[in-house]
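Working notes, beginning with the structure itself.
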Amino acid sequence: MSTLHRTKDAQWESLFALPDKPALPLQQRLRLSVVQAILDGRLPVGALLPSSRELAKVLGLSRNTVTAAYAQLMDDGFIESRPRSGVFVTQNSHAPQPKDTAGDTEPAHTQVDASKAPPDWSTRVLRSLVDQRTLAKPDQWRKYVYPFVYGTYDPQLFPSEAFRECCVHSLARSHLPHWTPDFELSDVPELIEQIRLRLLPKRGVFALPEEILITVGAQHAYYLLAEALFDETQRVGLEEPGHPHARNSFALRHPRCVPVAVDEQGLVVERMPAVDYVFVTPSHQSPTTSTLSLERRKLLLKKAEAQNFVVIEDDYEAENLYEGDPMPALKSLDKIGRVIYVGSVSKSLSPTLRLGYIVAPRALIAELRELRHAMVRHPSAFLQHTFALFLSLGHHDAHARRVNHAMQERMALVARALARYLPDFEFTLPSGGASVWVRGPGWVDSAELALIAREHGVLIEAGEAFFMSPPYPCPYFRLRLSSIAAEQISEGIKALGLAMDALARARGTPRRKLQLLA
């Protein structure tokens, strides 16, 4: 082979190097490489591409793979074949570029004209959450070895084959009319039916289609309710400690937030102050994991009727139950429409999929539907249809059983590890869910512990984010078990124990030695 041919082959090999994306088939990886070269300008309009035979030889691919990729790119207008000339980049392959107006700008002045200064956003933003406490992870949180945090799917449990099957079915031609039209104010009927006939009856809740609204996750539901119902005059009762995302969403409309204590039976209804609304997580209280007793559920509804307030129920982790019988949802006990029910269909699968729903009287749902339309029109119809299939085929139920079994195993592991490496810490194992609420010795501040724990590869959720008025020191923190593999739990708690030792040395506070078991 001549030097010219070797140089040319090396150029092709460099230009069309396949991206490191093993999840993509070879044909798609080649397509990606060619498209990027065109869009980046490395292959200009009219540029000649190597023949399919040449490129297959250079990249070590079959000629059929290259021919198929070229055919697809021709169909999509990126390249064209010219008889007896070869394959070329088409005239329309690049998007038109905006006119360069750099020369039209006025020369910079040494002094800034106040009338041309950029807006001062610190004075213009009227509703800000930047200073609010919330659950947050480091940007590179996946690099930490022991992530006891919320907000990711479990790669060991995610039903990839089942979910892929549902996605493929939704893309079948026969199903396209079910989700491709603009739904305007409505939702995918198949998902509404699955929620009302499969999910809600398990919680003792029965609703008509017009009493259900699909949301972009539970947080979207909080935001919609705050926009529709709250202003500065409303008194909103919030569990203390409680769910920070609900608190922050509600805070945007500046209601008067009233803390309501929780104990081992959930919300302390007996000592609840006067409110217009109360937000509650009765199935597994966020973050303490306690379950609101049946007696208190009935008392709460009785008070709501007598004192004319509304209950917002987030049925958080209700289906994640390991032992005992499920407690009836507050909505199932509500006979006169005083409970607004918030649920999620995606949280147990992956919180990033963002599909939730609200069940409420039709008059309120009609208002929320108009409000949602003004914000996001409607959640992804494709995702709604896919989830409807996922539910109808029984994949959701099978997945919930696997998750419950895995979480029960992880709960046992974390209990043994805490007893071994942090024996002076207090906790109660929940009957379900995926987290443990832990209380350290009184001198420990969990925010300080969390910072030191990072140096040992451990992420925990410091307790201060869950309180409206956190104590200092705040000895509480949450260990979430959905993002960490079972085999990492014991070593993770051991590393957290080492972080505790480091915190004790930094604070000069004596701590009894770790009780290591033989």
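Side notes on the structure shown:
- Those residues of region 174-205 whose amide nitrogen sits under 14 Å from the label point placed on Leu393, 7 Å along Cα→Cβ: 175
- Measuring between their Cα centroids, region 175-228 and region 303-370 lie 12 Å from each other.
- Remark: spin-label model distance Leu18-Glu270 equals 6.9 nm, labels positioned 7 Å along the Cα→Cβ axis.
- The chain - percent relative contact order, Cα under 8 Å, separation 6 or more: 16 percent
- Residues listed by number, region 295-323, amide nitrogen under 13 Å from Ile336 label point at 7 Å toward C-beta: 301-311
- The residues His405, His220, sorted by heavy-atom accessible surface at 1.4 Å with ligands and nucleic acids left out, run His405, His220 from largest to smallest.
- For Phe158, Phe88, the ranking by accessible surface with the largest value first comes to Phe158, Phe88, using a 1.4 Å probe.
- Difference of contour (0.36 nm per residue) and Cα-Cα distance, Asn308 to Asp325: 3.0 nm
- Projected label distance in nm at Arg84 and Asp424, using a 7 Å step from Cα toward the beta-carbon: 9.1 nm
- Beta bridge orientation in region 160-314: antiparallel %, DSSP, nearest 5: 15 percent
- For the chain, share of DSSP beta bridges that run antiparallel, in % to the nearest 5: 60 percent
- Counting only residues at least eight positions apart within a chain, or on another chain, the lysines with an alpha carbon under 24 Å from that of Lys116 are Lys99.
- Alpha-carbon radius of gyration plus Dmax, which is the widest Cα pair, for the chain in Å: 28.6, 93
- Candidates per chymotrypsin sites (Phe, Trp or Tyr not before Pro) in region 164-219, loop by DSSP, up to 15 other Cβ within 10 Å: Phe206
- Within straight-line reach of Lys202, meaning a Cα separation under 18 Å, sit the following lysines at least 8 residues removed in sequence or on another chain: Lys331, Lys335, Lys347.
- Local electrostatic count at Arg127 - Lys and Arg +1, Asp and Glu -1, tallied over other residues with Cβ under 13 Å: -2
- Full-extension gain in nm, Arg53 to Arg127, via 0.36 nm per residue minus C-alpha separation: 20.6 nm
- Of the chymotrypsin sites (Phe, Trp or Tyr not before Pro) in region 257-328, not one is in a loop by DSSP (not H, G, I, E or B) with at most 13 other beta carbons within 10 Å.
- Here Lys143 is the anchor, and the aspartates and glutamates within straight C-alpha reach of less than 13 Å, apart from those fewer than 8 places off in the same chain, are Glu455.
The values are calculated or read from the model by the stated rules, or taken from the named source; none is laboratory data. Just so you know, these numbers come straight off a predicted model, no measurement behind them. When we count neighbours, we look across all protein chains shown, and the Cβ atoms used for this are built from the backbone with ideal geometry, even at glycine. With ligands, DNA and RNA removed, areas are computed over all heavy atoms of the protein, side chains included. Shrake-Rupley method; radii C 1.70, N 1.55, O 1.52, S 1.80 Å.
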